[in-house]
Protein chains: 2
Amino acid sequence: MIQSLARGLEILDLLANAENGIGITEFAQHLGVDKSSASRLLQTLASYGYAEQNADTRRYVLGTRVLALSNSVLRRIPLRDTAHPVLRQLTYMTGECSHIAILSQGKALYIDQVESPSILRVETEIGTLSPLHCTALGKVLIAFNQLGVPESLKAYTPKTMTDPVQLKLHMELVYRQGYAVDDEEHVLGVRCIAAPVFDHRGRVAGAVGISGPIGRMPNDGVPKLAGMVMELANDLSRRLGNTSAT
Amino acid sequence: MIQSLARGLEILDLLANAENGIGITEFAQHLGVDKSSASRLLQTLASYGYAEQNADTRRYVLGTRVLALSNSVLRRIPLRDTAHPVLRQLTYMTGECSHIAILSQGKALYIDQVESPSILRVETEIGTLSPLHCTALGKVLIAFNQLGVPESLKAYTPKTMTDPVQLKLHMELVYRQGYAVDDEEHVLGVRCIAAPVFDHRGRVAGAVGISGPIGRMPNDGVPKLAGMVMELANDLSRRLGNTSAT
DNA sequence: TTGAAAGGTTGTATAATATGCAACACAGTT
DNA sequence: AACTGTGTTGCATATTATACAACCTTTCAA
């Protein structure tokens, strides 16, 4: 582990979560180093375009260099290109925000998303890593990848399932019915429905789903919406060359 | 300048341009360090999610962590959200790929893009930094920001303007007619048309434009297409609160 | 099966370098 | 004018990154 590189990467993390830039003194406090060291780290980041210093406020923000990096990552995920039109169709049919995620580092990585036309909508950012046990997409990834259930399950809302045994049973239900529902288990007021996507070799390529406010997605409306999600997920599997998709 | 951080950032640059991952030995050669050092640098990057090692090939690729970074950058550019529907409209009207760029570090930074529905299309990646003097978007940014023309102008194709005096005159033409054309000056076979976007204070917010193969964008078709581009650019200016936009 | 080659990781002494301290510069406040 | 908060630079020192070497694993050919 190389310390100064690690510090630089921590600075990038800090910058990613900062709205209005960060000053040198703040960096120094967060990292537990002298402000002179922080200053030099930021100079290095800036010289490579990974940070930019506002000439007036002298505060630093993320540099535009990182945009080039994300293109490189997204290019690695061919599923994304195939999925986008399917997501558009899914949002068109359901009126809700749709997204697609893959398994990455034991989390659900959102790789693409299409926004709902409605004013009241769920915003999800591409690149977000979400927990598996309390999201519809995540549950699908667990159930169809036959993953084990983690020991400790963090509660995000009062509705989050925190009992591994209960979750295990729930995963079997998901597997049987072919889709998963997140019932305000991750964010209060938001319900999600997701279904698996399979590649040409029959392996789980990812999961597609929709999310919306509970008001628009009542309990008795779930089966119909789940049908649409599964239909489009199946459509995507077919586009990926999966022959068992109908 | 902190050396080991700089090396780490250079590794990110290498990874961004690699298609199939890079091995430790290659890194060591590129950086001019021992492979043990390269190994430790990559371990650090991997532990923060900025690099990922393929378990089979042991080669490294960029980590998904960078996606979160780029979201942060794009959030800083509110123009992008406003622009996207306008770009869609522009692509719908012209059938060509449309994009929007802002001035950043003396270059044109592409912040959004909508692809042409046609098979034959110009691919542009978000985050790309393009030269100003030989792109339509760049020319617009020079002309309407009243920027000086650089001394030395790199030739990308035989059609690139390399004479500063000639370019200066050309900028005056762009300013008068309200749009710029890139006539295979950056990439052979590709013609682009761009127009400026102004914010609520009347300042240049960016430039929008279209690009397509010369076959679909003949010389005598340029004025009509330029009219559409200017119309949509004007539309975007109005959405940004620019009152002088009609 | 054996041997060699290529690529990656880990231990360690040393030399390079990142660090904290202090001084300085600058802007905004009292 | 003095003060306070913030960022940058010079410098001696102690930390740490580095190269070297040994070791491990996989691949490929004899």
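The values are calculated or read from the model by the stated rules, or taken from the named source; none is laboratory data. On a predicted model such as this, the values are computed, not experimentally measured, just so you know. Cβ placement follows ideal geometry from the backbone for every residue including glycine, while neighbour counts extend to all protein chains displayed. Surface accessibility is based on the protein's heavy atoms, side chains included, excluding ligands, DNA and RNA. Shrake-Rupley method; radii C 1.70, N 1.55, O 1.52, S 1.80 Å.
A few notes on this one:
- 7 Å along Cα→Cβ, label-point gaps from residue A:46 to other copies, nm, shortest first: 3.4
- Heavy atoms of residue A:141: accessible area, 1.4 Å probe, square angstrom to 10: 0
- The Cα center of the range B:150-211 and the Cα center of the range A:5-52 differ in position by 36 Å.
- Chain B's nearest residue to the axis relating it to A, judged by Cβ and reported with the distance in whole Å, is B:70, 2.
- The range B:77-239, relative contact order [Cα under 8 Å, separation at least 6], %: 23
- With all protein chains modelled, accessible area of residue B:34 [1.4 Å, Å²]: 90
- Estimated FRET transfer efficiency when R0 is 30 angstrom, pair residue A:214-residue A:3 (beta carbons, to 0.05): 0.05
- Ranking A:61, A:118, B:119 by Cα position along the charge dipole of the protein assembly as shown, where only Lys, Arg, Asp and Glu carry charges on their C-beta atoms, puts A:61 farthest toward the positive end.
- Charge dipole (Cα centre; +1 on Lys/Arg Cβ, -1 on Asp/Glu Cβ; no other charges) of the range B:3-68 amounts to roughly 180 debye.
- Distance from the C-alpha centroid of the range B:74-130 to that of the range A:77-115: 21 Å, rounded to the whole angstrom.
- Annotation: average projected area of the range A:3-68 is 4.1 square nanometres, based on the convex hull of Cα atoms across all directions.
- For residue B:34, the point set 7 Å out from Cα toward Cβ sits 2.8 nm from its twins in the other copies, listed from shortest up.
- Full extension of the segment from residue B:123 to residue B:155, taken as 0.36 nm per residue of separation minus the current Cα-Cα distance, would add 9.4 nm.
- Cα-centred dipole magnitude for the protein assembly as shown, charges only on beta-carbon of K, R (+1) and D, E (-1), debye, nearest 20: 140
- Mean separation of Cα pairs under 8 Å and 6 or more residues apart, divided by the residue count, gives the range B:35-146 a relative contact order of 14 percent.
- Cα-projected label distance for residue B:29 with residue B:84, points at 7 Å along beta-carbon direction, nm: 4.2
- Cα pair count fraction exceeding 20 Å, expressed as % - the range A:181-246: 34
- Charge context of residue B:59, other residues only, Cβ under 12 angstrom, K/R +1, D/E -1: -3
- Placing unit charges on the Cβ atoms of the charged side chains and taking the dipole of the protein assembly as shown about its Cα centre, the candidate lying farthest along the positive direction among B:195, A:30, B:211 is A:30.
- Cα→Cβ-extended label distance, 7 Å offset, between residue B:222 and residue B:115, nm: 2.9
- Three-way shape call for the protein assembly as shown based on the alpha-carbon gyration tensor, with the a/c threshold at 1.5: oblate
- Rg ratio for the range B:107-246: its Cα radius of gyration over 2.2 N^0.38 Å, N being its residue count, equals 1.00.
- Which listed pairs, of B:154/B:224; A:139/A:159; B:107/B:168, have C-alpha distances above 20 Å, in listed order: B:154/B:224
- Classification of the range A:51-119 by its C-alpha gyration tensor yields a prolate form. The axis ratio a/c (a ≥ b ≥ c) is 1.5 or more, and a/b outweighs b/c.
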